[in-house]
Amino acid sequence: MPKLNPNSPLYNFPLPEIENWLKQMGCEQNPQQLNCWYIKKLEWEAEITLEIEDLNVNYLNAGADGSDIKRVFRYSLSRRDIEDAVFSGP
């Protein structure tokens, strides 16, 4: 099966391809909650949750006061747009 265009909406990608994409981006899947992922970069860390309607990102301790910063991305956005937004950090 050919890879889908990164400019395609994320909802066009089958779940195994989304999971492979997250792994390639450096995320680790939670073995108890398969829809939950974790990523740690030098400047930030985040939990990513694949929900029914959207992809939720919780940047841990990223606020000026140490609070979490939450972002929600609809699956109707392109994979490239989500990738650029999520992996550039909070």
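The values are calculated or read from the model by the stated rules, or taken from the named source; none is laboratory data. What you are looking at is a predicted structure, and each value in this text was computed from that prediction instead of being measured. Reconstructed Cβ throughout: ideal geometry from the backbone, glycine too, with neighbour counts over all protein chains shown.
Annotations
- Among the residues of the stretch 45-90, those that are aliphatic (A, V, I, L, M), over 19 Å from N30 (Cβ atoms) and touching a residue at least 24 places away in the same chain (Cβ under 8 Å) comprise A62, L77, I82.
- Residue satisfying all of: in the stretch 1-49; farther than 17 Å from D68 by Cα and charged (D, E, K, R); surrounded by the fewest Cβ atoms within 10 Å (Cβ to Cβ) among these: K3
- Residues located in the stretch 61-73, provided they are more than 11 Å from the chain's Cα centre (by Cα) and either surrounded by fewer than 16 Cβ atoms within 10 Å (Cβ to Cβ) or not in a loop (DSSP other than H, G, I, E, B) (or both): N61, G63, A64, D65, G66, S67, D68, I69, K70
- Only residues that are more than 16 Å from L15 (Cα to Cα) and at pLDDT below 95 were counted in the stretch 42-61, giving 2.
- Residue in the stretch 47-59 that is acidic (D, E), within 11 Å of the chain's Cα centre (by Cα) and not in a loop (DSSP other than H, G, I, E, B) present: yes
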